[in-house]
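J.: Here's a structure for you.
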Amino acid sequence: MADDRLIVALDVSTMDEVKAIVTSLGDAVSFYKVGMELFYAEGEKTIRYLQEQDKHVFLDLKLHDIPNTVAHGVSSLTYVGANLITIHGQGGPVMMKAAVQAARESAEKLGVERPKLLAITVLTSFDEEAWTATGGQLPISDQVIRLAKLAKECGMDGVVCSALEAKMIRQACGKDFLIVTPGIRPSFATTDDQKRIATPASALQDGASRLVIGRPITQAEEPREAVRLIIEEMESLSK
């Protein structure tokens with residue numbers, strides 16, 4: 001059976017690849033991430049297809065623009081039907097509040113469930129050296145907590161952050177705040193290009209709500225078996 005805490009990243013660019021992955025994983029996975037690569041290539045039909053397969057959709061487009069533009073973008077994506085939508089926390093409080101209002105009003109108008117909005121904190125590809133090179137003044141962990149608290153104050157539902165910051169965010173923002181963590185690598189996988197990583201079990205132990213995992217599943221020789229092993233590790237905490 002699927003575990004809704006596991007989100008499989010569809011880091012591909014064609015519908016044929018999407019269908020192959022979703023078909024191969026079947027009922028083992030219930031939640032998928034659609035990012036820039038796929039959405040820009042294939043558009044909203046990716047969301048429609050996943051909905052037809054009774055899957056939940058994490059639409060990770062990292063909206064970041066002036067408040068009015070982001071608000072209109074969120075309205076459009078609410079119509080498309082994503083369950084989770086990402087907004088850059090660096091866009092500031094006015095932008096995040098505009099996004100929250102747009103999601104609420106659009107959902108009410110359409111008579112649908114409001115999508116949950118997640119603030120992007122600091123991308124997991126950053127380490128301290130790269131962060132400093134871009135002008136970061138605070139340590140990464142301090143900036144992540146600062147943005148998480150700001151996001152909560154603005155009415156956002158949660159954040160996307162490294163699992164290494166999950167425990168601090170859980171303590172700062174409470175038990176109902178969503179924490180979605182990429183950069184998760186099970187014991188059988190390599191670390192690829194993400195610097196701040198953790199295992200499924202350690203991420204959940206530290207307060208993550210949902211885990212985003214891509215290549216260790218989609219590029220595995222036996223993807224469904226990879227999912228089984230990951231869920232087994234996730235559920236080991238309750239044993």
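J.: Would you confirm, using the coordinates I've provided, whether GLU129 is acidic (Asp, Glu), within 18 Å of the chain's Cα centre (by Cα), modelled with pLDDT under 95 and more than 30 Å from TYR79 (Cα to Cα)?
T.: No; evaluated as a whole, the condition is false for this residue.
J.: Another question, then. Based on this model, can you work out whether GLU113 counts as open to solvent by 80 Å² or more (accessible area, probe 1.4 Å), outside any loop (DSSP other than H, G, I, E, B) and of a type outside the set (Ser, Thr, Tyr)?
T.: no
J.: Residue check: is ALA98 of a type in the set (Gly, Ala, Ser), at pLDDT 95 or above and under 22 Å from GLU153 (Cβ atoms)? Spell out how you get there, then give the answer.
T.: On the way: of a type in the set (Gly, Ala, Ser): yes; at pLDDT 95 or above: yes; under 22 Å from GLU153 (Cβ atoms): yes.
In short, yes.
J.: All but one of (1) crowded, with 19+ Cβ neighbours inside 10 Å; (2) of a type in the set (S, T, N, Q); (3) modelled with pLDDT under 80 hold for THR218; state the number of the condition that does not hold.
T.: Every listed condition holds for THR218 apart from (3).
J.: If I ask for residues that are modelled with pLDDT under 90, open to solvent by less than 40 Å² (accessible area, probe 1.4 Å) and not polar (S, T, N, Q), which ones from segment 162-181 would you list?
T.: Listed by number, the residues that qualify are ALA163, GLU165.
The values are calculated or read from the model by the stated rules, or taken from the named source; none is laboratory data. The structure displayed is predicted, hence computed values, not measured ones. Using ideal geometry, Cβ is built from the backbone for each residue, glycine included, and neighbour counts are taken over all protein chains shown. Note: areas computed on protein heavy atoms with side chains; ligands, DNA, RNA excluded. Shrake-Rupley method; radii C 1.70, N 1.55, O 1.52, S 1.80 Å.
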